[in-house]
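Chemist: Before I ask anything, let me first share the structure, which is written out below as structure tokens.
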Amino acid sequence: MIKVITGNEAAAYGALLCKPEVVCAYPITPQSRIPEQIAEFVAQGLFKGKFVNVESEVAALGYVIGASAGGVRVFTATSSQGLAVMHEQLHWAAGARLPIVLVNVNRPLAAPWELTSEQTDSLSQRDTGWLQFYCESNQEVLDTIIQAYKLAETVGLPVMVCLDGVYLSYVAETVEIRDQEAVDHFLPPYHPEVSSQRYSYKIFMKEAPAMFGPQGYVRRSYMADRYELHRLHQMSFELAERINGEFEQMFGTGYPLVEEYRADDADVVAVTSGSAVGTARFVVDRMREEGYKIGLIKIKMFRPFPKHLIRKTLSGRKKIAIIERDLSPGQCGILHQEIRWALNVPGQTTPPTYGFVAGLGGEDITPELIKKAIEFTMKNDPVDQDIIWLGLVEKRQYDEYDRKTLQIR
């Protein structure tokens, strides 16, 4: 079945197809349509699980944590400030190895108040232990949720599926609603093995040491637990690639963790994620028609960061233009940080990277801006600062650039 639906509705359909037994989400702009759509599914008799209304995002994640610990498949969604107030429980869900799937609709964090799009809200949760994926289109949102459940329940970690507010959440696109029988075959019912240790906080892992015993607290190694969490993240690379391959074989569509687009012979490659990828594809095609050897790298998986794929696709490049909708104040773009870390290999020359921060607070990342960023990268030597501000409208043109505050508009 093919429908023209928004990204929020695609997320709701993705959850419906996976048949969670418990859904609990609190409305927040620009995510509110997700629980509203699921409530409609309940009223129509399409959703057979339990849909719970609660008073806050803290309660929503707390409810699904409890349900997941009880051994059922769960779903929740939030955005921006809602994700921020979930911060403590995000750590708990990962530490408890609970296979929760959460959709985050990316929106700026206040203050100042903004209701549009920016990826800093989820990227700032990068150390909570959740796997993170970023989607380019509404179809990818639906399909990634299906894959996320299989990955979460295989590796035993929670997964965050992210989509840009407004640009995907409110924009309607043609989406194929996958056949329920095929999804059931791809994603079997969830029947975890419950731990025999009654009070173990990792309830499904029989080998996990108990946190509490009949006589009270049982001392255990926190450091060993963190090692295990890190090891599971490393395992998720291969699992995610395998699951995506299985999905592509069954449904005819796949989404590489790191995707190359027309980059084989490129002198300059642009790197981005989320909805800006589609715009960047258009720019690459146009510049190719003009005779420029330009390519694109799409980052879908952010946590764990796919450093082996980044090295494979970006090592040896002449120049790299990183265009991102986020900011680590006082440092640079978060994606820029991660890529430079991944490319810092002893004994190898690190390709020059140009870090462009754009689209904060929902500002448009237009084809013109992306082209200007690529042209600047092509024509200029590496700059001595970590941020090139792209689209800061009240300031100077890039050809007037100075080394204190480089800006392009």
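Chemist: Please list 3J(HN,Hα) in residue order for region 344-352, calculated via the Karplus relation 6.51 cos²θ - 1.76 cosθ + 1.60 where θ = phi - 60°; whole Hz, with x for glycine and proline.
Modeler: 7, 9, x, x, 10, 7, 7, x, x
Chemist: Using the basic label-point model (7 angstrom from Cα toward the beta carbon), what is the T350 to D265 distance in nanometres?
Modeler: Placing both labels 7 Å beyond Cα along the Cβ direction yields 3.1 nm.
Chemist: Only bridges whose two residues both fall in the chain count here: according to DSSP, what percent of them are antiparallel, nearest 5?
Modeler: On the way: 13 of 51 bridges.
Antiparallel: roughly 25 percent of the beta bridges in the chain.
Chemist: To continue, here is another question. What is the order of R33, R242, fewest Cβ neighbours within 10 Å to most? Please report the intermediate quantities before stating the final value.
Modeler: On the way: R33 22, R242 13.
Going from sparsest to densest Cβ surroundings: R242, R33.
Chemist: Would you calculate, for the chain, the mean residue ellipticity at 222 nm contributed by helices, counting each DSSP H stretch of 4 or more residues as -39,500 (n - 2.57) and dividing by all residues, to the nearest 500?
Modeler: Mean residue ellipticity at 222 nm (helix-derived): -11500 deg cm²/dmol.
Chemist: Residue farthest toward the positive end of the dipole of region 20-76, with Cβ of Lys/Arg at +1 and Asp/Glu at -1: which of N53, S32, S68?
Modeler: S68
Chemist: While we're looking at this one, here's another question. Among I297, I323, which comes first, second and so on when ranked by fewest other beta-carbon atoms within 10 Å?
Modeler: Details: I297 26, I323 30.
Going from sparsest to densest Cβ surroundings: I297, I323.
Chemist: State which stretch of the chain is the longest one without any exposed GluC sites (Glu not before Pro), exposure meaning a DSSP loop state and at most 10 other Cβ atoms within 10 Å.
Modeler: On the way: sites that count: E55, E193, E207, E290, E394.
By the stated rule (loop sites, at most 10 other Cβ atoms within 10 Å), 56-192.
Chemist: While we're looking at this one, here's another question. Stretch R231-E40 to full length: gain in nm at 0.36 nm per residue minus the Cα-Cα span? Numbers along the way, then the final one.
Modeler: Numbers: separation 191, 0.36 × 191 = 68.76 nm, distance 4.01 nm.
My answer for the length gained is 64.7 nm.
Chemist: Once phi is turned into θ = phi - 60°, what whole-Hz ³J(HN,Hα) does the Karplus curve with 6.51, -1.76 and 1.60 give for every residue of region 225-241, x standing for Gly and Pro?
Modeler: Working through the residues one at a time gives 5, 5, 4, 5, 4, 4, 5, 5, 4, 5, 5, 5, 4, 5, 5, 5, 5 Hz.
Chemist: Multiply the residue gap between R242 and K50 by 0.36 nm, knock off their C-alpha separation, and tell me the result in nm, one decimal place. Don't jump to the answer; show the numbers that get you there.
Modeler: Numbers: separation 192, 0.36 × 192 = 69.12 nm, distance 3.12 nm.
In short, 66.0 nm is gained.
Chemist: Based on the alpha-carbon gyration tensor of region 235-373, what equivalent-ellipsoid semi-axes (square roots of 5 times the eigenvalues) come out, in whole Å, largest first? If you can, show how the numbers build up before the last one.
Modeler: On the way: eigenvalues 99, 74, 57 Å².
Result for region 235-373: semi-axes of 22, 19, 17 Å.
Chemist: Give K293/K379; K48/K150; K150/K307; K293/K372; K19/K300; K293/K318 a once-over and call out the pairs whose C-alpha atoms are over 18 Å from each other.
Modeler: K48/K150; K150/K307; K19/K300
Chemist: Where does helix 276-289 land angle-wise versus the long Cα axis of the chain, in degrees 0 to 90, nearest 10?
Modeler: Taking Cα atoms only, the helix is inclined about 30 degrees.
Chemist: If packing is taken as the average count of other Cβ atoms within 10 Å, what order do 378-386, 229-237 fall into, highest mean first?
Modeler: Numbers: 378-386: 12.7, 229-237: 15.3.
Ranking the peptides 378-386, 229-237 by packing returns 229-237, 378-386.
Chemist: Round to the nearest 10 and give me the degree value, 0 to 90, for the angle of helix 367-379's Cα axis relative to the longest principal axis of the chain.
Modeler: So the inclination is approximately 60 degrees.
Chemist: With semi-axes √(5λ) of the Cα gyration tensor in Å in mind, check (1) 37, 24, 20; (2) 44, 30, 18; (3) 31, 29, 19 and report the label derived from this structure.
Modeler: (1)
Chemist: Estimate the FRET efficiency between T154 and A59 by the formula 1/(1 + (r/R0)^6), using the beta-carbon distance for r and 22 Å for R0, to the nearest 0.05. Could you put the intermediate results ahead of the total?
Modeler: Values: r = 28 Å, r/R0 = 1.29.
Plugging the Cβ-Cβ distance into 1/(1 + (r/R0)^6) gives 0.20.
Chemist: I'd like the distance between the alpha-carbon centres of region 243-261 and region 1-65, rounded to an integer number of Å.
Modeler: For region 243-261 versus region 1-65, the Cα centre distance is 25 Å.
Chemist: Sticking with this structure for a sec: Using the number of other C-beta atoms within 10 angstrom as an exposure proxy, rank L142, L61 with the fewest first.
Modeler: Values: L142 26, L61 30.
Placing the least packed residue first, the sequence is L142, L61.
Quick note: the coordinates plus some simple rules give every number you see, no bench work behind them. Bear in mind the structure is a predicted one, so any value in this text is a computation, not a measurement. Note that we place each Cβ from the backbone using ideal geometry, even for glycine, and neighbour counts take in every protein chain shown.
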